[in-house]
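First the structure, in the form of structure tokens, and then the observations on it.
The values are calculated or read from the model by the stated rules, or taken from the named source; none is laboratory data. Fair warning: this is a prediction, and the values are worked out from it, not measured in the lab. Don't worry about glycine lacking a Cβ; one is built from the backbone with ideal geometry, like all the others, and counts go over all protein chains shown.
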């Protein structure tokens, strides 16, 4: 089990291989369907995003509301493939990587290789476990989208598996 | 006639929804423990361990098992000797759902299909009512997540395709979904009826406990053969490769037209949170 601190250096990324189990520490930003549509529209208009994209890690997730005394409600990953059309341009614009669940397209895989980045798979359906790994949560963009807004999460020992590595390998490929 | 105030139904829905959001069915928990036992080392075993830890934690701390607390699917079999009183039945169901999703700190996941604006309270629920004999009301409540719902399919097969065609359709559906719906999945299959009824049957099939089989021998065999073929695909937990891709295949059937063989396949993730109650 590798313990990683985000953002990763190129050297650290090159040491990761599809199938490696890791624990992530640091800051990640949630964004799912509606937030991605907004981000794409803002970028198309050439305007400035309400958060720094460079070296950021997007977590495809929409949390439950937090119970009193907790930083976040349950917060597992959503299906990454729905963000296939958005991910390559975000990676080309400096995105550090993504965390989600399930296979993504070949275009995404090529963008990961081209930019020397990584796509992590979190464990789909383990929402309560992930809530425990979240130490703070703050809405930083699009609050009207409710659970689909962008939340800045500080995470500790967030379990994940390397899904796409920077060499073009995927954990989902047939063995 | 037996009088039932719809407030009773609202309260039952509230309790079922609150409980369902934080705990899996017993048969689903058993199936996940078994899968963890069967799977060898590697990422799939790691993921199954996480899933078992997760549902134990969620139940202990009354936290949603999965952040996708779903669309609320409510199936009611209402005895025709029941006279409903009070507010409109659908209002009662939606009020129960609204209160539970607020009090349970559940995610509100329902939105307008075009504008995508969230309704803010997880209503409306998906409500199916059937009139049956007797003076009781059987209520089934199932929160339905959409990562898996999105992977569902309908096949309008030719009668000549028969049993082999049905099994091929089930296995193809799971194969095409691959890693995306949170495998290990539970597969609900509706066989026969019409374009619309087969999808309802598929959803109803999901509400049957894992490990149980159709009372019809020929259909029970379809369930067993399809499950075996799905697990031979090797997709495994989360798509990380392994022996367990599905926890079960449940089929329901209805008579169909001489020209057709509709088959609906409704995919459910490993998070089966169905509740049943009789009023």
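Which of (1) within 16 Å of the chain's Cα centre (by Cα); (2) under 25 Å from residue B:150 (Cβ atoms); (3) within 13 Å of chain B (Cβ to nearest Cβ) does residue A:137 not meet, given it meets every other one?
All conditions pass for residue A:137, except number (2).
Given the conditions (1) under 29 Å from residue B:175 (Cβ atoms); (2) at pLDDT 95 or above, and given that residue A:96 satisfies all but one, which numbered condition is not satisfied?
(1)
Do any strands (runs of 3 or more DSSP E) entirely within the stretch A:25-125 hold 2 or more residues that are within 14 Å of chain B (Cβ to nearest Cβ) and surrounded by 17 or more Cβ atoms within 10 Å (Cβ to Cβ), and if so, which?
Details: elements: A:57-59, A:97-100, A:118-121.
Where strands (runs of 3 or more DSSP E) fall fully within the stretch A:25-125 and carry at least 2 residues being within 14 Å of chain B (Cβ to nearest Cβ) and surrounded by 17 or more Cβ atoms within 10 Å (Cβ to Cβ), they are A:97-100, A:118-121.
So, of the residues in the stretch B:31-54 that are more than 17 Å from the chain's Cα centre (by Cα), touching a residue at least 24 places away in the same chain (Cβ under 8 Å) and more than 7 Å from every other protein chain (Cβ to nearest Cβ), which turns out to be farthest from residue B:212 (Cα to Cα)?
Filtering the stretch B:31-54 for residues that are more than 17 Å from the chain's Cα centre (by Cα), touching a residue at least 24 places away in the same chain (Cβ under 8 Å) and more than 7 Å from every other protein chain (Cβ to nearest Cβ), the one farthest from residue B:212 (Cα to Cα) comes out as B:42.
Run down B:170, B:235, B:191 and say which single residue is crowded, with 24+ Cβ neighbours inside 10 Å, assigned by TED's automatic domain parsing to the domain that holds residue B:261, modelled with pLDDT of 95 or more and more than 19 Å from the chain's Cα centre (by Cα).
On the way: B:170 fails: more than 19 Å from the chain's Cα centre (by Cα); B:191 fails: more than 19 Å from the chain's Cα centre (by Cα).
Only one candidate qualifies: B:235.
Residues in the stretch B:55-75 that are at positive phi and at the interface with chain A (Cβ under 7 Å from one of its Cβ atoms): how many?
Qualifying residue count, the stretch B:55-75: 0.
The rows are residues; the columns are (1) surrounded by 19 or more Cβ atoms within 10 Å (Cβ to Cβ); (2) within 11 Å of chain A (Cβ to nearest Cβ); (3) within 20 Å of residue B:62 (Cβ to Cβ).
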site: B:111; (1), (2), (3): no, yes, no
site: B:131; (1), (2), (3): no, no, no
site: B:145; (1), (2), (3): yes, yes, yes
site: B:148; (1), (2), (3): yes, yes, no
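Got at least one residue in the stretch B:41-58 being surrounded by fewer than 21 Cβ atoms within 10 Å (Cβ to Cβ) and farther than 30 Å from residue A:19 by Cβ?
no
Looking at the stretch A:140-175, which of the residues that are facing chain B (nearest Cβ under 9 Å) and in a strand (DSSP E or B) is farthest from residue B:48 (Cα to Cα)?
Of everything passing the filter in the stretch A:140-175, A:163 is farthest from residue B:48 (Cα to Cα).
Would you mind telling me which numbered condition in (1) part of a loop (DSSP other than H, G, I, E, B); (2) buried (at least 19 other Cβ atoms within 10 Å of the Cβ); (3) more than 8 Å from every other protein chain (Cβ to nearest Cβ); (4) in contact (Cβ under 8 Å) with a residue 60 or more places away in the chain residue B:87 fails?
Here residue B:87 meets the rest and fails (2).
Within the stretch B:254-262, identify whether any single residue is touching a helix residue (DSSP H, G or I) at 6+ places or on another chain (Cβ under 7 Å), under 18 Å from residue B:77 (Cβ atoms) and at pLDDT 95 or above, and answer yes or no.
yes
Could you grab me the full set of residues in the stretch B:117-147 that are in a strand (DSSP E or B), under 21 Å from residue A:78 (Cβ atoms) and within 20 Å of the chain's Cα centre (by Cα)? Let's see the steps before the verdict.
As a first pass, look at the stretch B:117-147 and keep what is in a strand (DSSP E or B): B:118, B:126-132, B:137-144.
Retained after the next criterion (residues that are under 21 Å from residue A:78 (Cβ atoms)): B:118, B:126, B:142-144.
B:126, B:142, B:143, B:144, listed by residue number.
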